[in-house]
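The structure appears right after this line, and notes come after that.
The values are calculated or read from the model by the stated rules, or taken from the named source; none is laboratory data. Since this is a predicted model, take the numbers as computed values, not measurements. Here the Cβ positions follow ideal geometry from the backbone for every residue, glycine too, while neighbour counts run over all protein chains shown. Each accessible area value is taken on the protein alone, full model and side chains, heavy atoms only, with ligands, DNA and RNA left out. Shrake-Rupley method; radii C 1.70, N 1.55, O 1.52, S 1.80 Å.
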Amino acid sequence: MRPTVKKTGAKDELYIYTWSSYIDDSLLQTFTAQTGIRVIATTFDSNETMLATIRAGKGAEYSIIYPSDYAVAKMIDLKLLQELDYTKISGQENILVKFQNSVHDPGNRYHIPVSWGTTGLIYNSEKLNPPPQDWNYLWLNQSQLSRRMTLLNDTREVMGATLRALGYSYNSTDPQEIKQAYEKLVKLKPAITNFTSDAWRDQLLAGDLLLAMGYSSDAVAVIQQDARFKYVIPSSGTSLWSDTMVIPRTAPNPDAAYAWINFMLQPSVAAQVAQRLFFATPNQAAHDQLPAPLRDNEALFPPETLLTKSEGIAPVTQEIAELYEKYWTQLTSS
Amino acid sequence: MPLPSSQLKFSISWQAIVSVLMFGFMYLPILVLTIYSFNQSPYSAGWTGFTLNWYWKFFSDTKILSALRDSLAVAICAVGIAAILGTLMAVGLSRYRFPGKGLYQGISYLPLIIPDIAIAVATLVFLAAVAIPFSGGLIQLSLGTIVAAHVVFCLAYVALVVSTRLTNLNPHLEEAALDLGATPMQAFIQVLLPELMPAIISGCLLAFVLSMDDFLIASFTAGGGANTLPMEIFSRIRTGVKPDINALSVVLILGSGFAFFVAEYIRYRSEQKRLK
Amino acid sequence: MSQASPPISREAPRKQPAALARLLEPLALLGPAGIWLALLLVIPTLLIFQLSLVPGIRPGDVVNPSGLDNYVQIFQPLYLQVLGRSLFFAAGTTLICLVLGFPVAYWIALLVPKRWRNLTLIGFVLPLWTSSLLRSYAWITILRPTGVLNTVLTSFGLPALDILNRDAAVLVGMSYSLLPYMVLILYASLEKLDTRLLEAAADLGATPKQAFWQVTVPQTLPGIAAGCLLVFITGLGDFVDPELLGGASSMTAARLIYNQFLGATQNWGFGSALSMLLILTVSIAIALLLKYGDRNASGV
């Protein structure tokens, strides 16, 4: 599946804006060997930084950007992306049907998904009996978990999970529902050690924490380190996230961009990324190429039944976004 | 004279004790980082065995090495420029009174006060909306724009440290040099500069550390594939900062410590030779 | 050297510089820095100010300054509480750094033999060569319930300390990062201290304590002021340490501003207004300090 690429003189260069972990030397070298295009990557640490820098004027040199799914919706709104010409892309038929029509970008007109995962609870299975099954476990066992648990440092993830625990949608825009979620969190607050999306790993492994809210990729890595820990996707539903590739409207080298996309869609390449990062791949052919322990890993690739109630976090109106932010500030300040 | 020396002896004990304790305080996290850089586990939870793998990984990781190179380049350039501009500015501010001096002084303190994120965003907007179009595309986001943005706060820090030194300086030394027929330039270079050197060096050390560690400003003003070390490290948080970064820190500290030791030794020896 | 002759007039050996040339010197000193700051500091700051006057501005919008809504929004108990927390952390860190840093700076500047001075100073600053993120993570490893500190304490039979995810941990982490700054600045000031003054004080019968408070401190007041200022202001801008080490209730002003620019709301107007307010309050404090310092200096 060798992609054909027009070499346009000095434009043998592809500038991409991505997470550091998505690119490593061997990957870039393989790409350059296959296509003759040199890749220069700049890294960002969060979607928000990426969005802010692009909006402040930085985007002109990039031909490929790696936003997460909700960021894609924002970028479409801001008219930052160009529609993908699927005649130039090969391998997209390998993408699972579930990911071929994103709620953020109907018909996948602008993006190609590269990885996905879930949010859930990682816990010490030796110490927690009975084990958690759902978000409400946190409130029901508050005293046992007191100051031995962390939640994600993300407004929408935490509020969304609480909304779900109350039976509402992750993306609720009803101020009343949001208020109830806030008040429920306030009740849990004294037991929460900290809001962190990464610092919990060491503390959980060391035994200082009993339970942490975290992403599936981190959970798989931790469990590999120490099998006493388990990952559970709450039964009332959780958030599904995915990372994608997009081509900005101002891309200087769209041909190279398509070459890159085709390269990343190759099953062997996609499988390699999944293995390195413990991100689930939406590429069915790649999934089949994974070694059995990863392929059958239920934390990484949960069965469909568990995902029926899950939703992606969608952008909301400015007003509601500010309401969420205000409650978050109040929560982390009092 | 018994009084001063006994007083001196008394002073040595408690200040030295506090200092030794503070040195221990400063190096405790470094010790922890070093120990875990040899730990087999990618997490800093418990000791799972000794390994040198993280060091191999670090030395063969071109992303980190080029990020390190970029950071050092930015820091050295920015501090170099800032040392000159900042010292000149501090001397100028201490000497002259002019309308608007208060404003100028206030502006020179501004980089210390402005929240990083605000100046980062604003600088990028300025560059993208004004500087780049006006220069017809000559200026591009690159390593150079990071240097330009870093000079701003580096020179503020150098100026701050140098100005505190200036207030204590004997103002008559320079006058004496001028009286003896030195040109203002000579008086500056041969009288004032040596007096200010400790402060300039302190300020440069401060500015260097700050430049190496700056994340937000570099994030926003970088371009053309420029990636500084903090950008690279922060971007790895999402998938976990592994002990190869610990290895990087250990190597950096040992390397710069060694470099400083050698530089000091050379300086000391040349000073001894001069005195002989 | 002339002896009993009238003082050499300045005009004689030196050429009297022309008016333009006399302007050249201050221009050469203040010009380059001034231009650099004007371009890359003043203009961006004015931009921030402009942004702060537009409520609900979205990046990419045309800026139409229309009012102080953003500023009014700040004065709610919620945000004032956040600002208060930042001030507390910054002030606490400054105090700790001053108390712990002064002896170190004194020792290096005055008590360490000259040949070792530079090395000792650099040795103290060297730990800052690590990324601040790594340093904070290291403190988590040290301060957590089963961390290094408690392991050492319990092995001596002492009770374990529950420091992590509390204010105390934040102060430890912030003081760690800022102590070298305080020491560097105090060193620059102390190194110039005229030890003969101390000897003179001792000759006149002063105790070490009296000599310290009545000779050393007044002489190094500019350095102390500069050091405290620097640590305080830098402390106000630190959001990594409070978040990683402080626990669930550690929202700071710096993080609040960060969230406005880089959060879901992308409310650059409000973020700019918060920034301007921070700049204003600190500027006023500095201006007062400078005025006091000037009066002090002219009195000396």
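A few comments on the model shown:
- Pairs with Cβ under 6 Å, 6+ apart, first in the stretch B:229-258 and closer than 24 Å to residue A:279 by Cβ, second of a type in the set (Lys, Arg) and surrounded by fewer than 23 Cβ atoms within 10 Å (Cβ to Cβ): B:244/B:57
- Whenever a residue of the stretch A:47-59 is closer than 15 Å to residue A:248 by Cβ, its partners that are outside any helix (DSSP H, G or I) and at pLDDT 80 or above, lying with C-beta atoms within less than 6 angstrom and at least six residues away or across chains, give the pairs A:47/A:67; A:47/A:68; A:50/A:44; A:59/A:248.
- Residue count, the stretch A:14-44 (criterion: over 14 Å from residue A:264 (Cβ atoms), outside any strand (DSSP E or B), in contact (Cβ under 8 Å) with a residue 12 or more places away in the chain and not small (Gly, Ala, Ser)): 1
- Subset tally (residues that are outside any helix (DSSP H, G or I) and surrounded by fewer than 24 Cβ atoms within 10 Å (Cβ to Cβ)) for the stretch C:163-179: 2
- Positions within the stretch B:153-174 being free of Cβ contacts under 8 Å to residues at least 40 places away in the same chain and either of a type in the set (S, T, N, Q) or not assigned by TED's automatic domain parsing to the domain that holds residue B:191 (or both), in sequence order: B:164, B:168, B:170
- Matching helices (runs of 4 or more DSSP H) fully within the stretch A:255-334 where at least 2 residues are within 14 Å of chain C (Cβ to nearest Cβ): A:318-331
- Within the stretch C:194-217, residues that are farther than 18 Å from residue C:99 by Cα and free of Cβ contacts under 8 Å to residues at least 40 places away in the same chain have Cβ atoms under 8 Å from residues that are crowded, with 19+ Cβ neighbours inside 10 Å and among the small types (Gly, Ala, Ser) in these pairs: C:198/C:211; C:201/C:211; C:202/C:211, counting only partners at least 6 apart in sequence or on another chain.
- Residue in the stretch C:30-39 that is modelled with pLDDT of 85 or more and open to solvent by 90 Å² or more (accessible area, probe 1.4 Å) present: yes
Here is a yes/no grid of residues against (1) open to solvent by 30 Å² or more (accessible area, probe 1.4 Å); (2) outside any helix (DSSP H, G or I); (3) polar (S, T, N, Q); (4) more than 8 Å from chain B (Cβ to nearest Cβ):
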site	(1), (2), (3), (4)
C:192	yes, yes, no, no
C:202	no, no, no, no
C:209	yes, no, no, yes
C:231	no, no, no, yes
C:248	no, yes, no, yes
C:254	no, no, no, no
C:266	no, yes, yes, yes
C:279	no, no, no, no
C:283	yes, no, yes, no
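- Yes/no for residue C:179 being under 21 Å from the mean Cα position of the chain (by Cα), under 30 Å from residue C:68 (Cα atoms) and either modelled with pLDDT of 85 or more or within 7 Å of chain B (Cβ to nearest Cβ) (or both): no
- Within the set B:157, B:96, the sole residue that is closer than 29 Å to residue C:187 by Cα and open to solvent by less than 20 Å² (accessible area, probe 1.4 Å) turns out to be B:157.
Residue-wise test of (1) of a type in the set (Val, Ile, Thr); (2) over 30 Å from residue A:192 (Cβ atoms).
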| residue | (1), (2) |
| --- | --- |
| C:115 | no, yes |
| C:137 | no, no |
| C:144 | no, no |
| C:152 | yes, no |
| C:167 | no, no |
| C:175 | no, no |
| C:193 | no, yes |
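- Residue in the stretch A:1-19 that is crowded, with 16+ Cβ neighbours inside 10 Å, modelled with pLDDT under 85, within 25 Å of the chain's Cα centre (by Cα) and not hydrophobic (A, V, I, L, M, F, W, C) present: no
- Boolean, residue B:142 is within 14 Å of chain A (Cβ to nearest Cβ) and open to solvent by 30 Å² or more (accessible area, probe 1.4 Å): yes
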